[in-house]
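Here's the structure we're looking at; comments come further down.
Every number here is computed from the coordinates shown, using simple stated rules; none is lab data. Everything quoted here is computed from the prediction, not taken from an experiment. When we count neighbours, we look across all protein chains shown, and the Cβ atoms used for this are built from the backbone with ideal geometry, even at glycine.
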């Protein structure tokens, strides 16, 4: 009886192995495309802003627009708080507000608006095509709501995340809207120390 039990056990163990021997082998799934990457946009104060030129610094990127009634001003205020909390380490971090509304957010208006929060925040803009490519590279999208020919009262449905790029230019973290300033500081400090 013992021999029969052992034989049954061996058959039970061998059967799944034999069944899989002729099964088609799954190919390794392709690696997910890395998000982020280099970009170059117009700095509303003049010149250009290129991510590759920020090597060695942590870069915080926020996508928004000036007519945003709630989320964007809150996040610009948070940029101001982050910069103040960094104190003498402020030069290790660069903050960038990327306007997704180049039609209304002209460079002079954008520079003034962002500068009211902090002159250390880079006010960036570009063509709609450039902005779409950049937002897509960072794993998101945006759209205009109610923008018809000639319409000026429209909104922009945009990501509200904070994109954290490390000193090597790699997207290190995506922090959701509402992440407290203390948590943002906790997330970015190891990247520059």
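Quick notes on this one:
- Reported count of residues in segment 135-149, each being touching a residue at least 60 places away in the same chain (Cβ under 8 Å) and part of a helix (DSSP H, G or I), is 2.
- Residue within segment 136-151 that is under 11 Å from residue 64 (Cβ atoms), surrounded by 20 or more Cβ atoms within 10 Å (Cβ to Cβ) and in contact with a strand residue (DSSP E or B) (Cβ under 9 Å, 6 or more places away or on another chain) present: no
- Count of residues meeting criterion [within 21 Å of the chain's Cα centre (by Cα) and outside any helix (DSSP H, G or I)] in segment 119-134: 8
- Restricting attention to segment 103-128, the residues being surrounded by 15 or more Cβ atoms within 10 Å (Cβ to Cβ), in contact with a helix residue (DSSP H, G or I) (Cβ under 9 Å, 6 or more places away or on another chain) and more than 18 Å from residue 144 (Cα to Cα) number 9.
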